[in-house]
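The values are calculated or read from the model by the stated rules, or taken from the named source; none is laboratory data. A quick note: this is a predicted structure, and the numbers were derived from the prediction, not measured. Neighbour counts run over all protein chains shown; Cβ positions are idealised from the backbone, glycine included.
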């Protein structure tokens, strides 16, 4: 099955279009009830239009409808209807097109005395045939959506695995830095102090020189240890005084690298406290992450604002442009943001918008510390 599909996908699109036009033309010529001049022209136009079905599927379907008047089951109509169903998400439009196809295939041509029983039979037969074509098209569309979503899920999992590995490495480096600072540095400091005391107390010149050398080496070792601790903490990403927390100045970089079409507007005064800046940054970070996960293809707007002594940020996203699958989540992101807002005597509001999108709004005192 997969091998046959792979072979089929390697066929060039123009070759497939030419083959479909040829099959539809042969079908129309062999099964046409009456070959009138008008009927042949309409059939030729409908069959030739199939070459453009990917660009304008609805227009091509309408052009093929006259062929359904001239034969029971028209390949051209079914192919156009399949392409429309494969590319359209409007279920009402597809239902109308199925009905039109069934009516056209059950209407006698040229118009003559109508046999109601046979007309009803042909209508039901045409309805079932057209519905099957639409169902196959919708199935193919759903398969493509699922494959795209699975790819996105795999990319997200790979990203999470990378972040987890980085977090583990960061914890190990931070632990090593603490051990070096709390244990090794402390012991070396004691050696330096004892060597200094020995250098002052001893009367022996050789002992004094040895004590001076030990003290000098200890001080040099302490400097090197401090440099190593600084590097370990910085590369480990641990939140210490050596690695400053993100601020409002980092927001633009965060928005631009979020993987979502987002824009940043508004500004806050320069005197915003550090805890407030961290809360604003983390709120934007979590909201944009949720947009990427749960609203694929949506656009986001990040707006900074000030209201008296309070300020905040509002993140609003449009509805997703692609269907998303229901994925399990920890549901802890917004909970953590609300807890952070409560600590700073602020509020966090989150919920869907009337347009089908989602909005997150944080309000905190700008002087929060």
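If I filter segment 43-54 for residues that are part of a loop (DSSP other than H, G, I, E, B), modelled with pLDDT of 80 or more and surrounded by fewer than 19 Cβ atoms within 10 Å (Cβ to Cβ), do I get at least one hit?
Yes, that holds for at least one residue.
For segment 281-313, what are the residues that are over 27 Å from residue 356 (Cβ atoms), surrounded by 18 or more Cβ atoms within 10 Å (Cβ to Cβ) and touching a residue at least 60 places away in the same chain (Cβ under 8 Å)?
none
Check residue 164 against each of (1) under 32 Å from the mean Cα position of the chain (by Cα); (2) surrounded by 11 or more Cβ atoms within 10 Å (Cβ to Cβ) and name the one condition it does not meet.
Every listed condition holds for residue 164 apart from (2).
Consider segment 61-91. How many of its residues are free of Cβ contacts under 8 Å to residues at least 24 places away in the same chain and under 16 Å from residue 137 (Cα atoms)?
2
Could we say that residue 226 is touching a helix residue (DSSP H, G or I) at 6+ places or on another chain (Cβ under 9 Å), at pLDDT below 80 and surrounded by fewer than 14 Cβ atoms within 10 Å (Cβ to Cβ) here?
It is true that residue 226 is touching a helix residue (DSSP H, G or I) at 6+ places or on another chain (Cβ under 9 Å), at pLDDT below 80 and surrounded by fewer than 14 Cβ atoms within 10 Å (Cβ to Cβ).
Working carefully through the options 98, 77, find the one that is buried (at least 24 other Cβ atoms within 10 Å of the Cβ), in a helix (DSSP H, G or I) and in the same structural domain as residue 35 (by TED's automatic domain parsing).
That would be 77, the only listed residue that is buried (at least 24 other Cβ atoms within 10 Å of the Cβ), in a helix (DSSP H, G or I) and in the same structural domain as residue 35 (by TED's automatic domain parsing).
Results for (1) at pLDDT 80 or above; (2) in contact with a helix residue (DSSP H, G or I) (Cβ under 9 Å, 6 or more places away or on another chain); (3) farther than 29 Å from residue 37 by Cα; (4) in a helix (DSSP H, G or I), shown as yes or no for each residue.
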| position | (1), (2), (3), (4) |
| --- | --- |
| 111 | no, no, no, no |
| 122 | no, yes, no, yes |
| 133 | yes, yes, yes, yes |
| 137 | yes, yes, yes, yes |
| 140 | yes, yes, yes, yes |
| 149 | yes, no, yes, yes |
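Please specify each residue of segment 255-280 satisfying the condition of being farther than 25 Å from residue 356 by Cα and modelled with pLDDT of 85 or more.
Matches in segment 255-280: 267, 268, 269, 272, 276, 277, 278, 279.
Can you name the condition, by its number, that residue 318 falls short on among (1) closer than 24 Å to residue 336 by Cβ; (2) buried (at least 17 other Cβ atoms within 10 Å of the Cβ)?
Status for residue 318: all satisfied but (1).
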